[in-house]
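Notes to accompany the following structure.
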Amino acid sequence: MKAGKLSAAELDRSVLRQLHAGRGEIISGPAEGCDFSLVKLQSGGTLVGAVSTAPVTGACSVDFAVSEAINNVCCGGAAPIGILINLFMSTTASEQTLRDIIGETDRVCARENVAVINVNVENMRTVAEPTLSVTAIGEKAEENIFANDACPGMDLVVTGKIALAGTNILANKRKGELSRHFSQEFTEKAEKMSVCCSAQQEAISAWQCGAAAVQNVSEGGVYAALWNLAQRCGSGLTVDLKKIPVAQETIEICEYFSINPYKLYSHSCLIIAADDGEALVLALKQSGHTAAVVGKLTDGNDRIILCDDDCRHLETPQTDELWKIITK
């Protein structure tokens, strides 16, 4: 199988079709396009769980791994409470490496106001580099229980700028190569992009301002997130490519590596479905977040990307562009 997340077809035939056990408390379990699950509590509330797994050396940082799980919980409309950690390390790794990873995890949790609920560390001969599996847990009120009331005709809003995390990783991992092609000021700016990986405040603000559905943009980039949101909502979409916010540094670095910025790893970036996208954008800006209306959900299954006079169909999520570069 290819590096990165499973394709939609692989996920369906080899994961989702193999799952048959269930319980009545499970409101929403594993499904294509959804990064969180909902479990009804006896108290009347809803438990929201989300899982994110990422290598903490190589492509992604501890901050990316922990924040992505927390972001997914927030996209489910819940307030995050804590995380459970499974850390897999090589038998050749040092204890100092372990201390560094746990220390960084604790700092991210303090920033996000969540607790570390449990930690399990396994040393394995088959692990090449430390891999952190993070399960985030949150709770939400019973109302709006499905966290997905989106329907055709609603506006699509993107917060922040896409692909900042991918730009940051490429700028740091291929620093020497890029410094020979771009100015020092340019590369230093790219290296510092996406310093904060959290989208918790944006997600909270979005729900408070009338969001109908919220999708985290992560691996596979904004194209994958758009597909996943439409899949969750059972709808089509039309998006104007030129309205999607993207930094000039991202565009130029992607042009240099001949990769697509819209399929590049993102963080601290959300897609929101809402009745009145412009009102949502204004409300988000008033709470300190940048956002832009980029399109609409539509009837049917057509998922269309517009760019001037060009009209193309959105593909099912592909392998993240990042893997084309960092695995060379």
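The values are calculated or read from the model by the stated rules, or taken from the named source; none is laboratory data. As the structure is a computational prediction, the values presented were derived from the model and not from experiment. In this analysis, Cβ positions are derived from the backbone assuming ideal geometry, glycine residues included, and neighbour counts consider all displayed protein chains. Ligands, DNA and RNA are excluded from the accessible area calculation, which covers all protein heavy atoms including side chains. Shrake-Rupley method; radii C 1.70, N 1.55, O 1.52, S 1.80 Å.
Would you mind stating whether TYR265 is under 30 Å from ARG180 (Cβ atoms) and crowded, with 24+ Cβ neighbours inside 10 Å? Show your work before the answer.
On the way: under 30 Å from ARG180 (Cβ atoms): yes; crowded, with 24+ Cβ neighbours inside 10 Å: yes.
For TYR265, the condition - under 30 Å from ARG180 (Cβ atoms) and crowded, with 24+ Cβ neighbours inside 10 Å - is met.
Based on what the data block shows, is GLY236 touching a residue at least 60 places away in the same chain (Cβ under 8 Å) and on the phi > 0 side of the Ramachandran plot?
Here the answer is no, as GLY236 does not meet what is asked.
If you filter region 95-119 down to residues that are open to solvent by 60 Å² or more (accessible area, probe 1.4 Å) and polar (S, T, N, Q), you find that the one that is farthest from VAL39 (Cα to Cα) is GLN96.
Suppose we keep only residues that are crowded, with 17+ Cβ neighbours inside 10 Å and modelled with pLDDT under 90 within region 137-160. Which one would you say is farthest from ALA247 (Cα to Cα)?
Looking only at region 137-160, we keep the residues that are crowded, with 17+ Cβ neighbours inside 10 Å, and these are 137-138, 140, 147-148, 150, 154-160.
Then drop every residue that is not modelled with pLDDT under 90, which leaves 137-138, 140, 147-148, 150.
Numbers: ILE137: 32, GLY138: 32, LYS140: 34, ALA147: 30, ASN148: 30, ALA150: 28 Å.
Step by step, filter region 137-160, then rank; the result is LYS140.
Can you name the residue in region 173-210 that is among the charged types (D, E, K, R) and free of Cβ contacts under 8 Å to residues at least 12 places away in the same chain and, of all such residues, is farthest from ALA79 (Cα to Cα)? Can you show your working first?
Just the residues of region 173-210 that are among the charged types (D, E, K, R), to begin with: 173-175, 177, 180, 185, 188-189, 191-192, 202.
Now restrict to residues that are free of Cβ contacts under 8 Å to residues at least 12 places away in the same chain: 177, 180, 185, 188.
On the way: GLU177: 42, ARG180: 45, GLU185: 39, GLU188: 35 Å.
Filtering first and then ranking leaves ARG180.
If you go through region 223-243 and keep only what is open to solvent by less than 20 Å² (accessible area, probe 1.4 Å) and either among the polar types (S, T, N, Q) or farther than 18 Å from GLY277 by Cα (or both), you end up with ALA224, SER235. Take the conditions (1) surrounded by 15 or more Cβ atoms within 10 Å (Cβ to Cβ); (2) in a helix (DSSP H, G or I); LEU282 misses just one of them, which is (1).
Would you check if there is a residue in region 153-163 being of a type in the set (Asp, Glu), touching a residue at least 12 places away in the same chain (Cβ under 8 Å) and within 24 Å of VAL294 (Cα to Cα)? There is at least one residue in region 153-163 that is of a type in the set (Asp, Glu), touching a residue at least 12 places away in the same chain (Cβ under 8 Å) and within 24 Å of VAL294 (Cα to Cα). For region 248-279, a residue qualifies if it is farther than 25 Å from CYS209 by Cα, outside any helix (DSSP H, G or I) and out of contact with any Leu (no Cβ under 7 Å at 6 or more places or on another chain), and the qualifying residues are SER258, ILE259, ASN260.
Does ALA273 satisfy the criteria of being open to solvent by less than 20 Å² (accessible area, probe 1.4 Å) and within 24 Å of ASN72 (Cα to Cα)? Before you say what the answer is, go through the steps one by one.
Details: open to solvent by less than 20 Å² (accessible area, probe 1.4 Å): yes; within 24 Å of ASN72 (Cα to Cα): yes.
So ALA273 passes the test.
Taking the criterion of being in a loop (DSSP other than H, G, I, E, B), touching a helix residue (DSSP H, G or I) at 6+ places or on another chain (Cβ under 8 Å) and surrounded by 13 or more Cβ atoms within 10 Å (Cβ to Cβ), the residues of region 291-326 that qualify are LEU314, GLU315, THR316, PRO317, GLN318, ASP320, GLU321.
Name the residues in region 183-217 that are part of a loop (DSSP other than H, G, I, E, B), within 23 Å of TYR256 (Cβ to Cβ) and open to solvent by less than 40 Å² (accessible area, probe 1.4 Å), would you?
Taking region 183-217 and keeping what is part of a loop (DSSP other than H, G, I, E, B), we get 183, 192-199, 209-212, 217.
Now drop any that are not within 23 Å of TYR256 (Cβ to Cβ), which leaves 183, 192-195, 217.
If the condition is that a residue be part of a loop (DSSP other than H, G, I, E, B), within 23 Å of TYR256 (Cβ to Cβ) and open to solvent by less than 40 Å² (accessible area, probe 1.4 Å), then MET193, SER194, VAL217 are the ones that fit.
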